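Here's the structure, in C-alpha cells; my notes come after.
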Amino acid sequence: MHTIDAKNRMSLPASFRQELTRQSQQAPILTNGHECLDLYPYEDWLEYERRIVAISDVDPQAQAFARMRISGATECPIDRQGRILVPPHLREHAGLEREVTVAGVGPKIELWDRARFESSLTHTQARYSDMAVAVAERLGR
C-alpha cells in the first residue's frame, strides 16, 4: 500500500523503479488505463504507442482508444526519493484518493485506488473459472 501526498507525489517500490529505468534513462510514461493508471518504461511505451497508431489509421474504435491513451500520457520522472508526480487530471481519471495499490502487470505497472482495486479483484475472482477457460482458448490450450 502506498499513499499520495498533498503535492500529488507517491513512492514506488524499488523493484518497480529499477524495472522502469532498465532500458532507458528517459522518464517513464504515465497514462490513463481502465479504472486505473498505467505506468510504462519509456521504451516499452514507444513500442506500445507505435502499435496503437498503426491500428488506428484504419479503425475508428482504435482511433478513439489511441486518442484517450496517447493524449493522456505524460512523462513521469522519478525523483531522488523514488517518488513520481501524479498529475491531477490522471489522478481524477483513476479516482486516486490517498491509498494506492501498485500492481505489476506484464510490461506495465498499474496504479489503483485501493478500494477500487479490491472491488475489481473481488469481481474478477467471482468470474475466475469462466475467464480462465476463455483465456486458455485464446492461448490455444
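Counting just the residues of the range 55-67 that are of a type in the set (A, V, I, L, M, F, W, C) and surrounded by fewer than 17 Cβ atoms within 10 Å (Cβ to Cβ), which one comes out modelled with the lowest pLDDT?
My answer is VAL58.
Does ASP38 meet the test of being acidic (Asp, Glu) and at pLDDT 95 or above?
Taking the combined requirement at face value, the residue satisfies it.
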In the range 2-19, residue farthest from THR101 (Cα to Cα) [restricted to those that are in contact (Cβ under 8 Å) with a residue 40 or more places away in the chain, not aliphatic (A, V, I, L, M) and not in a loop (DSSP other than H, G, I, E, B)]: GLU19
Out of all the residues in the range 34-54, is one or more part of a helix (DSSP H, G or I), out of contact with any Pro (no Cβ under 6 Å at 6 or more places or on another chain), touching a residue at least 12 places away in the same chain (Cβ under 8 Å) and loosely packed, with under 15 Cβ neighbours inside 10 Å? yes
Considering only the range 20-33, state which residues are surrounded by 21 or more Cβ atoms within 10 Å (Cβ to Cβ) and part of a loop (DSSP other than H, G, I, E, B). PRO28
When the range 6-30 is checked residue by residue, the ones that are at pLDDT below 95 and of a type in the set (Val, Ile, Thr) are THR21
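The values are calculated or read from the model by the stated rules, or taken from the named source; none is laboratory data. Everything numeric in this text was worked out from a predicted model, so none of it was measured. Using ideal geometry, Cβ is built from the backbone for each residue, glycine included, and neighbour counts are taken over all protein chains shown.
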